[in-house]
Amino acid sequence: MFITFEGIEGSGKSTQINLLHKALEKVHFDVEITREPGWGAIGNLIRKIILENPDLDLEPLAELSLFCADRAQHVKDFIRPMLNQGKIVLCDRFYDSTIAYQGFGRELNPEFVKQTAINSALGLCPNTTFLFDISVNTALSRIVERPGRNRIDDESFDFHSRVKSAYLEIARNSSNRVHLISGEEDIEAVHEQIKEILSKNYSIFSRLRKK
Ligand code: TYD
């Protein structure tokens, strides 16, 4: 079972991944957490180029290629082997990020970016995606306080607005897979909502229901 988490900066993804991880382990699931970009030796090198060098003038098409290279390697070296062992994999960002950020944030050709992003997953599609939606103002006010902000965090209000709209369109077009959740609500309430969606949609997750 492959579950991905998406949203603009500061939407609360990481907090919710950690809470779900704990909740699943508590009822004896074998779970792995991972993220993009930056898994493994190759992923870490790619992450450094894309995010940690604000002085590099990275051409948008080069940025797209690097995110996709990171994903292909991540799927081959880590996600697929974990899924083949029967584990549940929780992934912080996957190809929807590329469609939203490079296709719409960077304003590359959206259809080309979508095909490239999907191809980079080597045939793997998330079973379920949780998309956390917050206003751009909330997002920017949350990341101002964050240590170690990256090159994309520092993009303009308009850039983040385009990414947010793209995500909402993805949710509309893939409503069977993508669950839209308000990231402005209380952390515990959001966590309960996630457990409810999983237990309602997948019998293996019925153990997550409150007794
Ligand atoms: P990161 O520091 O991992 O934090 P967070 O996910 O909490 O924002 O930032 C990753 C950044 O990379 C984020 O700004 C989104 C961006 N990104 C893309 O632009 N395209 C992609 O395909 C992926 C996976 C991430």
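The values are calculated or read from the model by the stated rules, or taken from the named source; none is laboratory data. This structure is a prediction, so every number in the text was calculated from the model and none was measured. Neighbour counts run over all protein chains shown; Cβ positions are idealised from the backbone, glycine included. These area figures cover heavy atoms from the full protein model, side chains too; ligands, DNA and RNA do not enter into them. Shrake-Rupley method; radii C 1.70, N 1.55, O 1.52, S 1.80 Å.
Leu51 fulfils the conditions (1) within 15 Å of the chain's Cα centre (by Cα); (2) near the ligand (Cβ under 8 Å from one of its atoms) except for a single criterion, (1). Within region 81-99, the presence of a residue that is part of a helix (DSSP H, G or I), within 11 Å of the ligand (Cβ to nearest atom) and over 16 Å from the mean Cα position of the chain (by Cα) is excluded.
Take the residues in region 173-196 that are open to solvent by less than 70 Å² (accessible area, probe 1.4 Å) and among the hydroxyl-bearing types (Ser, Thr, Tyr); name whichever of them is farthest from Lys13 (Cα to Cα). Looking at residues that are open to solvent by less than 70 Å² (accessible area, probe 1.4 Å) and among the hydroxyl-bearing types (Ser, Thr, Tyr), I get Ser174.
State all residues of region 89-108 that are open to solvent by less than 10 Å² (accessible area, probe 1.4 Å) and aliphatic (A, V, I, L, M); if no residue qualifies, say none. The answer is Val89, Leu90, Ala100.
Residues in region 27-61 that are more than 28 Å from Asn109 (Cα to Cα) and either assigned to a helix (DSSP H, G or I) or open to solvent by 80 Å² or more (accessible area, probe 1.4 Å) (or both): His28, Asp30, Gly40, Ala41.
So that you can scan it fast, the table gives a plain yes or no per residue for (1) under 30 Å from Leu58 (Cβ atoms); (2) open to solvent by less than 40 Å² (accessible area, probe 1.4 Å):
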| site | (1), (2) |
| --- | --- |
| Pro110 | yes, no |
| Ser120 | yes, yes |
| Glu155 | yes, no |
| Ala171 | yes, yes |
| Leu198 | no, yes |
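Selection of region 108-128 for residues being in a loop (DSSP other than H, G, I, E, B), within 13 Å of the ligand (Cβ to nearest atom) and more than 14 Å from the chain's Cα centre (by Cα) yields Leu108, Ser120.
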